[in-house]
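Working notes for the structure below.
Throughout, read-outs are computed from the coordinates displayed, never taken from laboratory work. These figures come from a predicted structure and were not determined experimentally. Positions of Cβ are backbone-derived with ideal geometry, glycine not excepted, and every protein chain shown enters the neighbour counts.
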């Protein structure tokens, strides 16, 4: 039955994890895997999460299903985090939210909704974008097109080219995928004035924005990171939002996220959300409960909420501080390349500007594991490996 099947290549980032794990070099560095790490190179459980889990252990009295859309008390948590305490969209009941298995699950639900309900579905994604975006949308029968984003010459944003391409080629009814903050994989974010221009374009062309909000709080702040999303949401008639709690709560393996739909009226949003429920039922039927229970417990307890916000700030500050330290160390080295752009990027990831040849040398000669594209996870840097990393990069760059 399966004799005709051929093996397919595995995920290259997962292969990096295995290669790093098997490397005997005591100086080896893993800058590939997309998880937050502390200064010891460990991905910790937040104190606020541990305390919430202790409360759940004591109080939880059932492991029954929680419903297709998740626990009803979870949706307001998602909405308030994304849109803010005083959102008119929330007050007007124009947003409905479902709990999903991580941000990936949210994107899959959004993709199934788009693929099944929009005529000739087509989505525009940034070049480059998160690697899993493409197979998710392809699996839902959506045509995929790319708009310019990353400028390899300046290590910056090609916003003029992005707008020119979209203005010339998008059609009414197309979907445009935007990263709310901490763009994965480049670390190059849209500024608020870019969100203004894109909002005008969405309105002019009749587009559906799908915003991927996987890293809220890891850029400039929990509210600051959502400024562009909130500006657009307040002005466009319809929007889909996929968000993740993996990073800002550190609950990667618990698979907790949310998919939200915004429409012009409560009735329209409710009707669309009922279809979302059908997509969920046909996909994974019910979301897992534990991660959402942790998030809800923290957000409803003033002390835990304050502790969590402080922990998010600590993670954010560490990442931004590492960016500055790496730039300073590279500037002090013999490196001939200017890496100052790294400190202006946001989130865990950086498109380093390293070529494939340089990346392979780092891997083979120095046991430093970076994605082939040059994307590195800044959070994998520690005080102990910073100088070794800078010296190694200087060596391969020349």
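Annotations for the structure displayed:
- Working from Cα pairs under 8 Å separated by at least six residues, relative contact order for the range 77-149 is 27 percent.
- Rounded to 10°, Cα long-axis angle of helix 302-332 versus longest principal axis of the chain: 30 degrees
- 0 to 90° range, to nearest 10: angle between helix 290-300 axis and the chain longest Cα axis: 80 degrees
- Approximate shape of the range 65-300 as ellipsoid semi-axes (Cα gyration tensor, √5λ), whole Å, largest first: 26, 20, 18
- For the range 57-126, alpha-carbon Rg relative to the globular expectation (2.2 N^0.38 Å, N residues): 1.40
- Relative contact order (%) - the chain, alpha-carbon pairs under 8 angstrom, separation at least six: 25 percent
- Within the listed set 57, 330, 82, the Gaussian network model of the chain (springs between alpha-carbon atoms below 10 Å) gives the highest mean-square fluctuation for 57.
- Kirkwood Rh and Cα Rg combined as Rg over Rh, evaluated for the range 205-279: 1.01
- Helix 356-366 axis versus longest C-alpha principal axis of the chain: approximately 60°, rounded to the nearest ten.
- Relative intensity, log₁₀ I(q)/I(0), of the range 180-238 from a Debye sum that treats every alpha carbon as a point, q = 0.20, 0.30 Å⁻¹: -0.72, -1.30
- This ranking places 147, 388, 215 by how few other beta-carbon atoms lie within 10 Å of each, fewest first, which gives 388, 147, 215.
- At q = 0.15, 0.17, 0.18, 0.19 Å⁻¹, base-10 log of I(q)/I(0) for the range 46-197 (Debye sum, equal scatterers on each alpha carbon): -1.02, -1.20, -1.28, -1.34
- The chain - mean residue ellipticity at 222 nm from DSSP helices (-39,500 (n - 2.57) per run, n ≥ 4, rounded to 500): -14000 deg cm²/dmol
- Compactness of the chain - radius of gyration and Dmax, Cα, Å: 21.3, 63
- Rounded Å value of the spacing that divides the Cα centres of the range 215-256 and the range 324-397: 28 Å
- The range 65-300, relative contact order [Cα under 8 Å, separation at least 6], %: 30 percent
- Convex hull volume per residue, computed on the Cα atoms of the range 32-96, equals 184 Å³.
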